[in-house]
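I have placed the structure first, in the form of structure tokens, so that the comments after it can refer back to it.
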Amino acid sequence: MTKPPAPAAMHSPERRPRLSDAPLGLRALPSLSYNTHRALVLGLTFLAYALYHASRKPPSIVKRELARSWPPFADPALLGATDVAFLTSYSVGMFVAGHLGDRLDLRRFLASGMAAGGAAVALFGAGYFLALHSLAFYVAAQVIAGLLQSTGWPSVVAIVGNWFSGRRRGLIMGIWNAHTSVGNIAGSLVAAAMLGYGWGWSFVVPGGLIALGGALVFFFLAPYPQCVGFGPAPIEPVVSEESTDGEDSSGSSSAAGGGTGKDSRDAVGILKALAIPGVVIFALCLFFAKLVAYTFLYWLPFYLSQTPIGGEHMSAASAGYLSVLFDVGGIIGGILAGFISDQLNARATTAAVFMYLAIPSLFLFHAYGSISKATNIGLMMISGLFVNGPYALITTAVSADLGTHKSLKGDSRALATVTAIIDGTGSLGAALGPFLTGFISRRGWDSVFVMLALCAFVAAVLLSSLVKTEIRQIIQKWRNRSTNTRNGNADSSVQPLLVEES
């Protein structure tokens, strides 16, 4: 009996890759296995987005210094205005970036965004060296930075989604999403360390680092397995002017049959992406979840410097160092949320439970965090766990799941668009939270924490319909499992995380 040839579309680790489409840096390296390429993609995208987040931390670190000695920022509301300028332009740019990300070369798009975004971050710091005191200059610098930095998230999620799929996507992307907190921690430490040399350096150094990261991405990141010879030829970054409903099936059958031609499937438009079940609900949920998370991102160091802890006030630099522990909790929360959602196959239920638990954790942190530094650290990490856990889950695994939803009929080119819709909507909340905090904090921090708790509650309630559906599915799954166990059919399959699943 003749053995049939292996389909060309399979992601086979044994297949020797062809490097004609590979980045220049990869061409200079020895031939790598499929799983090695996957690990490299995780590492580079992790580094890339950690640098994005590191470059966003300086404004929160230098707030107290600007309010004390740099007109016109004596009013905290004006500091909030620069935050909202960045985040509003970021959220608007996100929709455009996602649309472009599904149509352009993701490696070049990401690398150029990192280089230009780094220059924009340094532009804000240039105001220190040029002794500029115009609010318009700093707002304009933040608007430019927001637009350029919007290239990052849709690109990295789409790239990771291209390389990883299956039921352990939540855990893998939960671990990978630690880049957000690692970047916040690194950005806080670098900005606080540079503050002693002048606050301008707190922007220039992170801006330079993200530009260097862009060079690494350009030379070493393969956005598709096909770029290094695993599977069919990479999807052309060309937009067809015709409807692709009929082309999807033909493209899929061609790939499955081992065809070597280019995949001509069109990218999914925004309206089609919005019609995917769950996209709108998760986008609205992220609006409120990210509002809470980004309020902490931009205002936590300032809050810590204004609040006596153990009867003592701390400096701006010390508050910046202490605030990184919120992100340490966030790392744990992201991994835990991803793992639980994988085990239960219930993304919405996991996110909702975390958001409900965030409410008491916020009040406990505000009420008892001032008792001592140890108490503050413990409650701050718990708050970070419950606040950042669902935020991380929705922006990674949920976005990747919905970007490859079965309703797309095999068209995988919705990843960046869906990611942009969800995170772009969330970024509108991220813009609103810090802006409102600048005004509400005038009435006292009690009012700020009430606002944050209400937003966490709304985020959880928005998922109620999806939670009900998932709970019914979980109950049915447990009943089926009990039946299978009685019949002697147990699922005992275990695979390493980086091994491709069928």
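The values are calculated or read from the model by the stated rules, or taken from the named source; none is laboratory data. Computed from a prediction, not measured in an experiment: that's the story for all the values here. No Cβ is skipped: glycine too gets one built from the backbone with ideal geometry, and neighbour counts run over all protein chains shown. For accessibility, only protein heavy atoms count, side chains too; no ligands or nucleic acids. Shrake-Rupley method; radii C 1.70, N 1.55, O 1.52, S 1.80 Å.
A few remarks follow.
- Qualifying residue in the stretch 113-122 (condition: surrounded by fewer than 24 Cβ atoms within 10 Å (Cβ to Cβ) and closer than 17 Å to Ile422 by Cα): no
- Condition check for Ala85: surrounded by fewer than 24 Cβ atoms within 10 Å (Cβ to Cβ) and outside any helix (DSSP H, G or I): no
- Subset of the stretch 159-172 [assigned to a helix (DSSP H, G or I), closer than 22 Å to Ala111 by Cβ and modelled with pLDDT under 85]: Gly161, Asn162
- Filter pass, Ser383 being in contact (Cβ under 8 Å) with a residue 24 or more places away in the chain, under 20 Å from the mean Cα position of the chain (by Cα) and within 25 Å of Ile474 (Cβ to Cβ): no
- Figure legend. Inter-residue proximity from the stretch 268-294: first residues within 10 Å of Cys455 (Cα to Cα), second residues assigned to a loop (DSSP other than H, G, I, E, B) and not charged (D, E, K, R), beta-carbon distance below 9 Å, spacing 6+ or different chains. Indicated pairs: Cys285/Leu463.
- Taken as a whole, the stretch 307-314 holds no residue that is under 18 Å from Asp83 (Cβ atoms) and either open to solvent by less than 50 Å² (accessible area, probe 1.4 Å) or in a helix (DSSP H, G or I) (or both).
- Filtered residues of the stretch 124-148 (kept if part of a helix (DSSP H, G or I) and either without any contact (Cβ under 8 Å) to a residue 40 or more places away in the chain or among the small types (Gly, Ala, Ser) (or both)): Gly125, Ala126, Gly127, Ala136, Phe137, Ala140, Ala141, Ala145, Gly146
- Consider the stretch 68-82 and keep the residues that are modelled with pLDDT under 90 and hydrophobic (A, V, I, L, M, F, W, C). The one that is surrounded by the most Cβ atoms within 10 Å (Cβ to Cβ) is Leu79.
- Within the stretch 356-374, being more than 11 Å from Phe449 (Cα to Cα) and in a helix (DSSP H, G or I) holds for Tyr356, Leu357, Ala358, Tyr368, Lys373, Ala374.
- Boolean, Arg107 is touching a helix residue (DSSP H, G or I) at 6+ places or on another chain (Cβ under 9 Å), in contact (Cβ under 8 Å) with a residue 24 or more places away in the chain, of a type outside the set (A, V, I, L, M, F, W, C) and part of a loop (DSSP other than H, G, I, E, B): no
- With respect to (1) of a type outside the set (Gly, Ala, Ser); (2) part of a helix (DSSP H, G or I); (3) modelled with pLDDT under 85, the lone exception for Glu65 is condition (3).
- Sole exception among (1) open to solvent by 20 Å² or more (accessible area, probe 1.4 Å); (2) closer than 20 Å to Ile394 by Cβ; (3) within 22 Å of the chain's Cα centre (by Cα); (4) touching a residue at least 40 places away in the same chain (Cβ under 8 Å) for Leu357, by number: (4)
- Within the stretch 16-56, considering residues that are of a type in the set (D, E, K, R) and over 28 Å from Ile175 (Cα atoms), the one modelled with the lowest pLDDT: Arg16
- Output for the stretch 315-339, where each listed residue is of a type in the set (Ser, Thr, Tyr), open to solvent by 10 Å² or more (accessible area, probe 1.4 Å) and assigned to a helix (DSSP H, G or I): Ser318, Tyr321
- Any chance Leu209 is surrounded by fewer than 24 Cβ atoms within 10 Å (Cβ to Cβ) and at pLDDT 95 or above: yes
- Total residues in the stretch 366-383, condition surrounded by 24 or more Cβ atoms within 10 Å (Cβ to Cβ) and either touching a Pro at 6+ places or on another chain (Cβ under 6 Å) or modelled with pLDDT under 95 (or both): 0
- Failed item, numbered, when Asp245 is tested on (1) open to solvent by less than 60 Å² (accessible area, probe 1.4 Å); (2) at pLDDT below 85: (1)
- Test: residue in the stretch 100-111 that is among the acidic types (Asp, Glu), over 25 Å from Lys290 (Cα atoms) and either out of contact with any Ser or Thr (no Cβ under 8 Å at 6 or more places or on another chain) or at pLDDT below 90 (or both): yes
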